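Novice: Dropping the structure in here first, questions after.
Read-outs: derived from the displayed coordinates by stated rules, not from any lab. The model shown is predicted, which means the values in this text are computed figures rather than measured ones. Glycine gets a Cβ as well: all are built from the backbone with ideal geometry, and neighbour counts include every protein chain shown.
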Amino acid sequence: MMQNVLLTIALAPLAAAIIAGLGGRWIGRVGAHSVTILGVAVSFVLSAWVLKGQLLDGAPAFEGAVYTWLVSDGIRMQVGFLVDHLTALMMVVVTFVSLMVHVYTIGYMHDDDGYTRFFAYISLFTFAMLMLVMSNNFLQLFFGWEAVGLVSYLLIGFWYTRPSAIFANLKAFLVNRVGDFGFLLGIAGIVHFTGSLDYGRAFHLAPQIAQQSFTLFEGQSWNAMSVICICLFIGAMGKSAQVPLHVWLPDSMEGPTPISALIHAATMVTAGIFMVARMSPLFELSQTALSFVLVIGATTALFMGFLGIVNNDIKRVVAYSTLSQLGYMTVALGASAYGAGIFHLMTHAFFKALLFLGAGSVIIAMHHEQDMRRMGGLRKYLPVTYWTTLLGALALIGFPGFSGFFSKDALIEAVAESRVPGHAYAAFCVTAGVFITALYTFRMIFMTFHGEERMDAHTREHLHESPWVVTLPLVLLAIPSVVVGWFTVGPVLFHGYFDGAIVVRPEHDVLGEIGREYTTPLAFTAHAFTSLPLYLAAAGVALAWLLYLRRPDLPARLRTALAPVYRVLDNKYWFDWVNENVIAAGSRAVGRLFWRVGDEFLIDGALVNGSARTVGWLAAVTRHVQSGYLYHYAFAMIIGLSALLAWLLWRT
Amino acid sequence: MHSSLLSLLTWLPILGGVAVLLVGDARASVARWLALAVALAALAASVPLYLGFDASSAALQFVERMPWIPSLRSDYYLGIDGISLPLILLTTLSTVLVVIAGWTVIEKRPAQYFAAFLIMEGLMIGVFSAADALLFYVFWEAMLIPMFLIIGIWGGARRIYATIKFFLYTFLGSVFMLVALVYMYLKTGDYSLAALYRLPLSLTEQVLIFLAFFAAFAVKVPMVPVHTWLPDAHVEAPTGGSVILAAIMLKMGGYGFLRFSLPITPDAAHALDWLVIGLSLVAVVYIGLIALVQQDMKKLIAYSSIAHMGFVTLGCFVGYEIAAATGGYGGATLALSGAMVQMISHGLVSGALFLCVGVLYDRLHTRDIGAYGGVINTMPVFGAFMVLFAMANAGLPGTSGFVGEFLVILASFKANFWFAFLAAMTLILGAAYTLWLVKRVVFGAVANDGVASLKDLNGREFLVLGVLAVAVLALGVYPKPLTDVMEPTLRHVVQLMSVSKL
């Protein structure tokens, strides 16, 4: 029974994707969006039913195999489901956001030629993402992992005639492949030490793995668990866009906005966070790996936030915000506050999807203009978009009582409690990040919706609120963005919701530490008024107000005054430059060198054609011996005979 | 079990090819239909081979044995096991597709063209089913002739250079193999493979024999540094030639390692495994980088083939290093499984990619990447296929391209972290050269009038690519039927390779 329900959840979007993808020509636009929305709606309703069963009716976690993929050398590789509290929560988040995005797409892609293709892709994505979160083994995890990457590739390059889009999707795929490279090695390590791809077996044998050592370089021994966990985390760094593998995410904004919301904010990019939380029984056993996770996450959280301040493209600002928030989630993982990471993942999925869809609504109204310098004062033209986006922004900066407030505050406190090496740096980054977040978020709000109207007259005349298929998802996402934290912070974070799904060693249990003081959401909110982050956020909003509403002349002057800093930020710390001019160009140069020198000059030139030439030359030389003159031959015979005789005489 | 199925599979295409030849180029249409009928009959005949195969046994099946050259005690001895069967199925399938793909494209001497492919099909099936070393050698060398002609007659501008290079390269390698076979025959007085497996050999003998085999098989695979014939051969070969070359002929090398090198010279293979593993990893990285900078689509896919075949040779030999690292051969079968799946998958995927290039070449008569761009605007169906096969070539899970690489990487990790590390570089390099190709050819705005004039796939092309697409996806989603057939045989090979002959 349960297995059939879960199969339906996963396969309904796949079936819809196939029908819309292969049959789009016959079923038409309405057919395509109807069938895919139906598929995802079925998944959402059933996922919600599964979550309810586990949460309220105390249903046990489900684990079972669906089919055996391959058996070799005694290793049984299966496709199967593991649905516990962690998975059930992810399933609901994924299918809900996906459903909202499906509806929104009807409006956003209304005039696009690739309408049916787009629906097929996002449904396919939903299937892949569900397979990823529902997996009970590393094989299927990797399947889902790469499959979401594939759909992301297809969707970033959705407008395939744009050079920037097909550059961005190749870049996204390759950078993700660097992550997957590490991920695959981590999986190979698991198989090496456990002889199985199943989570259950890996978790069961984890303590033994942590006892093993591993020689990477001669004379240097590593803890096997640290090697495996760091390799796995490199995968997460690719998918969840952590420094230095973050470079693909801002460029991914070349794709249509609905997928920026669905894939590059709410779901796919959180796969890495989910994966590390799922692997908590492994990560808990390696302090080294946790420390690595913590530092990478902290760096991403703060330094990507800075970039949001200098960007003028509304979608890219939200994208940098996503990077920074993913860093926050990663920090939580490194501090062993996996629950806080997942909790922030959930609230972020709602408010960031909302912010992206809000930005998309602005972009529709502005006729696909994304530069905030040509916006301003949109509040009165787009009231629904304005208010919902504002709610999302407040959730993002952690306005007391909003969903983002609970998740971010819990996370910051957890990091403050952590004693993993690097915790002081991490605590600084996440606290300072609050100020930065508020600054760039309200800079965006003010530049877009307030102040002077900077668009041209033609655009202004045509400004109007988006149709209901666009605004309805905004409203439906705004509701959880505001309230979901209040209702879930206690049960999810502090009342053992993740028990059994997430394992935390007692000495790492920072959330438990905070939980002891936790009573009610109200008290939690009140407590925030006595701590720093709230005031930092307020200061950030105030500064944004000063710079972009009160004294709009100041930013330009600041830019001149702080020219070196601005240059660093404007060039995005030169990551892209290095990737393109050193790594990519270097690989091509090495490839060309190998080809011209190795293959063409040495092997083909010297050995293959060289030996052919040598034979030819030898033949040409010996040819002269065969002159055809009898006296030449007679002379040679005489010489030869006398030499032979001389040799014989000399021997005796 | 007595049956004449293998003889039928071997001789039906050969005799059918002769018949097509007799029909002649003047009656091209009759020749084509006859060729298709023969190819389909062979494909149909290979179905009972699969259905009747006992997958639980490692023993030779469908055995046929009768005296062939009594004075040399060489028999006409055919039989297949779990290694041969998938390769034979790949051969019969590929030939049908190649015949369909060449249907109207080949205007010059069509009957001879189809006949060459049919005869080659029979010879290749002979190679995969021969259980007598001399018989094997005859098929092995005979197989060169049709391919020599295919490249030399229906090839591109530099076809003569390419085909002679191909012939000399492979022939030079094979001669050493003959010497080794004769040497062993002089010791056993018997050419049957089973006798050679039992033959005790000193380490010096084994090393020399191993190197002789190595010369033959490494060229066929091809391994670095004896790979340079392949890009030239592929570039000049007609589409069908490229497909058969990539899909089947390259597999002869891997097949030879499994059939000859590992069981006959286990100690030498053990002693020299570093050489093979080293060259395999070089193939993945060095060749991967070279593939990145190719401007000719066929050359790019040819280099990609070499890099992919690196996984086959790595998988074949990494078992010894697993034993050295862990003290047991657990994981060696996994590696061999990976190598075999990689061979089958590569046959499908690179065959399909060469067909894709052929589709474009037939329309615009150039293979230069720079001459394309934005093909998907005018050929959306073709574009979808091309992206699918490119993803399979990049080893995307869910396609067959993933399975073999995955298994080999898992096994290599057991031997040495750095083997797995270098092998896994293919994740990045493979994606880079394949998807960059896709970006430049398929995506983008319409680049020029040539691209603007392109017509999408016709029914014939759609059929061929569609069959391959289904096979690539089926193997990726459910590889168990394939690996189940091979598993007992591969376990047997591991047993043979792990027992010392000293």
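Novice: So for chain B, averaging the separation of alpha carbon pairs under 8 Å that are six or more residues apart and normalising by length, what relative contact order in percent results? All intermediate terms of the calculation are to be shown ahead of the outcome.
Specialist: Details: 910 pairs, mean separation 79.4, N = 502.
Result for chain B is 16 percent.
Novice: On to the next question. For the pairs A:K315/A:K572; B:K108/B:K455; B:K187/B:K501, flag any whose C-alpha to C-alpha distance is greater than 21 Å.
Specialist: Check vs 21 Å cut-off fails for B:K108/B:K455.
Novice: May I pose another question? Residue by residue through the range B:34-46, which ³J(HN,Hα) values in whole Hz follow from phi under the Karplus form 6.51 cos²θ - 1.76 cosθ + 1.60 (θ = phi - 60°), with glycine and proline marked x?
Specialist: 5, 4, 5, 4, 5, 5, 5, 5, 5, 4, 4, 5, 7
Novice: Calculate, for A:T614 and B:Y478, the FRET efficiency according to 1/(1 + (r/R0)^6) with r their C-beta to C-beta distance and R0 56 Å; round to the nearest 0.05. Can you show the working numbers first?
Specialist: Working: r = 53 Å, r/R0 = 0.95.
According to the calculation, E is roughly 0.55.
Novice: Right, next: On each of the three principal axes of the Cα atoms of the range A:222-300, give max minus min coordinate, whole Å, ordered largest first.
Specialist: 44, 22, 17
Novice: Still on this structure: With each pseudo-label sitting 7 Å past Cα toward Cβ, what's the A:R651-B:A157 distance in nm, one decimal?
Specialist: Modelled inter-label distance: 5.9 nm.
Novice: With r as the distance between the Cβ atoms of B:R460 and A:L532 and R0 = 56 Å, compute the FRET efficiency 1/(1 + (r/R0)^6) and round to 0.05.
Specialist: Details: r = 71 Å, r/R0 = 1.27.
The value I calculate is 0.20.
Novice: In whole angstrom, how long is each semi-axis of the equivalent ellipsoid of the protein assembly as shown, when you take the square root of 5 times every eigenvalue of its Cα gyration tensor and sort them from largest down? Don't jump to the answer; show the numbers that get you there.
Specialist: On the way: eigenvalues 701, 207, 167 Å².
Result for the protein assembly as shown: semi-axes of 59, 32, 29 Å.
Novice: Same structure, new question: Once all Cα-Cα distances of the range A:1-125 are split into 5 Å bins that start at 0, what whole-number percent is in each one?
Specialist: Going out from 0 Å in 5 Å bins, the range A:1-125 shows 2, 11, 19, 18, 15, 13, 11, 7, 3, 1, 0 percent.
Novice: I need to check one value: relative contact order of the range B:1-128, counting alpha carbon pairs closer than 8 Å and at least 6 residues apart, in percent.
Specialist: Working: 176 pairs, mean separation 53.8, N = 128.
It rounds to 42 percent for the range B:1-128.
Novice: Moving on to the next point. Which value, in debye to the nearest 20, gives the size of the charge dipole of the range B:204-302 about its Cα centre, when Lys and Arg are +1 and Asp and Glu are -1 at the Cβ?
Specialist: 240
Novice: The range B:67-84 to the range B:132-193: how many Å between their Cα centroids?
Specialist: About 18 Å separates the Cα centre of the range B:67-84 from the one of the range B:132-193.
Novice: Starting from the amide H of B:S192, placed 1.01 Å from N in the peptide plane, find each other amide H under 5 Å away whose residue is 5 or more places distant or on another chain.
Specialist: Answer set, sorted by chain and number: B:A133.
Novice: Could you tell me the ratio Rg/Rh of the range B:166-306? Both radii from Cα atoms, Rh via Kirkwood.
Specialist: On the way: Rg = 16.4 Å, Rh = 15.9 Å.
Computed over Cα atoms, the ratio is 1.03.
Novice: Okay, moving on. Can you sort B:D132, A:D84 from fewest to most other Cβ atoms within 10 Å of each residue's own Cβ? Numbers along the way, then the final one.
Specialist: Numbers: B:D132 25, A:D84 19.
The order, fewest Cβ neighbours first, is A:D84, B:D132.
Novice: Let me know the charge dipole size of the protein assembly as shown about its Cα centre in debye, to the nearest 20, where only the beta-carbon of Lys, Arg (+1) and Asp, Glu (-1) is charged.
Specialist: Values: 63 positive and 62 negative charges, 347 e Å.
Its charge dipole is roughly 1660 debye.
Novice: Assuming 0.36 nm per residue, please report the length gained on full extension of the stretch A:N571 to A:K380 beyond their Cα-Cα distance. It would help to have the intermediate numbers written out before the result.
Specialist: Working: separation 191, 0.36 × 191 = 68.76 nm, distance 3.48 nm.
That pair, A:N571 and A:K380, stretches by 65.3 nm at full extension.
Novice: So what is log10(I(q)/I(0)) for the range B:347-429 at q = 0.20 1/Å, when the Debye sum runs over its Cα atoms only?
Specialist: Taking Cα atoms of the range B:347-429 as identical point scatterers yields -0.91.
Novice: For an R0 of 56 angstrom, estimate the FRET efficiency from the Cβ-Cβ distance between B:L364 and A:T519 and round to the nearest 0.05. Working shown, then result.
Specialist: Working: r = 73 Å, r/R0 = 1.31.
Result of the calculation: an efficiency of 0.15.
Novice: Now, a different point. Give me the distance in nm between label points sitting 7 Å out from Cα along the Cα-to-Cβ direction at B:V47 and B:L203, one decimal.
Specialist: 5.4
Novice: Once both labels are modelled 7 Å past Cα along the beta-carbon direction, what's the B:V499-A:V45 spacing in nm?
Specialist: About 6.3 nm separates the two model spin labels.
Novice: Explain nothing, just the number: relative contact order of the range A:357-453, from Cα pairs under 8 Å at least 6 residues apart, as a whole percent.
Specialist: Values: 79 pairs, mean separation 41.0, N = 97.
Value for the range A:357-453: 42 percent.
Novice: How do A:C429, A:C231 rank when sorted from fewest to most other Cβ atoms within 10 Å of their own Cβ?
Specialist: Listed from fewest to most nearby Cβ atoms, that is A:C231, A:C429.
Novice: Quick check: the distance between the Cα centres of the range A:76-132 and the range A:207-279, to the nearest angstrom?
Specialist: Rounded to whole Å, the Cα centres lie 21 Å apart.
Novice: Next up: As a footprinting exposure proxy, order B:F260, B:F311 by other Cβ within 10 Å, with the fewest listed first. Display every interim value, and only then the final one.
Specialist: On the way: B:F260 25, B:F311 32.
Fewest to most other Cβ atoms nearby, the residues stand as B:F260, B:F311.
Novice: Toward the positive end of the charge dipole of chain B, about the Cα centre and with charges on Cβ (Lys, Arg +1; Asp, Glu -1), which of B:V284, B:Q294, B:T399 goes farthest?
Specialist: Of the options given, the answer is B:Q294.
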